[in-house]
Amino acid sequence: MTSPGDPAPAVDIRDVSKRFGRRWALARLSYTLPRGRSLLLTGHNGSGKTTLLRLIATALAPTAGKLWVLGHDAVARKDEVRARVALLSHASFLYEDLTAEQNLVILARLMGHEAPKDRAHALLERVGLTRRSSHPIRHFSAGMRKRLAIARLLMKAPELALLDEPFGELDPAGIAEMEAIIAELKASGTSLILATHLVDQGLRLCEERLHLVDGRRVDP
């Protein structure tokens, strides 16, 4: 519990459940992540990790319970949450017929950057896509799409970053770059939730851990 004057937690989950038909993807989950901390989210496939991240990102609403993100009710104040949170997921949210540069320039303009092309070029260089900047996304490999999705997340400069299997589809160089980006986000004060099957890497990058089994919190 925070005391008066302390910042609201990054995430405050209170007795949250989520049901899809007859299946409970999450069951009475409670957890609080302090602001500026990083959380490793672990569990087998189907344990509820992606469902939890989508709830925090407001892509889903809880069936029961309450969820606050950065001090805002994640159901009643979706717009406030979405403005401050970025989700890196299996869906890239990229425009297939546009180039990598065009995708980032559009996002930069929507976010009000004064020099959108300069910002796009800087991020393409950061994720190692400068040579592919003029290529349409439809010709990108899975690893290249992941790199561009990372650039989109960095463009937003979120207060809370949600990373769902961020190392997937990346080669060893890409994994090293992703680890460096996560370290940079943490150093900047960004709160972070990382869901990955690469537990050893996750433990090196995160201070806290939440392990799910069939939608419930258990000791790892």
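Identify the single condition in (1) at pLDDT 95 or above; (2) out of contact with any Gly (no Cβ under 7 Å at 6 or more places or on another chain); (3) closer than 18 Å to Leu153 by Cβ that Gly36 does not satisfy, given that it satisfies every other one.
Among (1) at pLDDT 95 or above; (2) out of contact with any Gly (no Cβ under 7 Å at 6 or more places or on another chain); (3) closer than 18 Å to Leu153 by Cβ, the lone unmet condition for Gly36 is (2).
So which residues in the stretch 176-191 are out of contact with any helix residue (DSSP H, G or I) (no Cβ under 6 Å at 6 or more places or on another chain) and within 25 Å of Pro7 (Cα to Cα)?
Ile181, Ala183, Glu184, Leu185, Lys186, Ala187, Ser188, Gly189, Thr190, Ser191
Within the stretch 75-132, restricting attention to residues that are closer than 24 Å to Leu163 by Cβ, touching a His at 6+ places or on another chain (Cβ under 7 Å) and not aliphatic (A, V, I, L, M), which residue is surrounded by the fewest Cβ atoms within 10 Å (Cβ to Cβ)?
Within the stretch 75-132, the match that is surrounded by the fewest Cβ atoms within 10 Å (Cβ to Cβ) is Glu80.
Which of the residues belonging to the stretch 96-110 are over 18 Å from Met144 (Cβ atoms) and in contact with a Pro (Cβ under 7 Å, 6 or more places away or on another chain)?
Once the filter is applied, which keeps residues that are over 18 Å from Met144 (Cβ atoms) and in contact with a Pro (Cβ under 7 Å, 6 or more places away or on another chain), the stretch 96-110 yields Ala108, Arg109.
State whether the residues of the stretch 12-25 include one that is among the hydroxyl-bearing types (Ser, Thr, Tyr) and in contact with a strand residue (DSSP E or B) (Cβ under 9 Å, 6 or more places away or on another chain).
Yes: the stretch 12-25 contains one or more residues that are among the hydroxyl-bearing types (Ser, Thr, Tyr) and in contact with a strand residue (DSSP E or B) (Cβ under 9 Å, 6 or more places away or on another chain).
Among the residues of the stretch 166-218, which ones are modelled with pLDDT of 90 or more, more than 26 Å from Ala83 (Cα to Cα), among the charged types (D, E, K, R) and not in a helix (DSSP H, G or I)?
If the condition is that a residue be modelled with pLDDT of 90 or more, more than 26 Å from Ala83 (Cα to Cα), among the charged types (D, E, K, R) and not in a helix (DSSP H, G or I), then Asp214, Arg216, Arg217 are the ones that fit.
The values are calculated or read from the model by the stated rules, or taken from the named source; none is laboratory data. Computed from a predicted model, the values in this text were never measured in an experiment. So basically every Cβ, Gly included, is an ideal-geometry build from the backbone, and we count neighbours across all protein chains shown.
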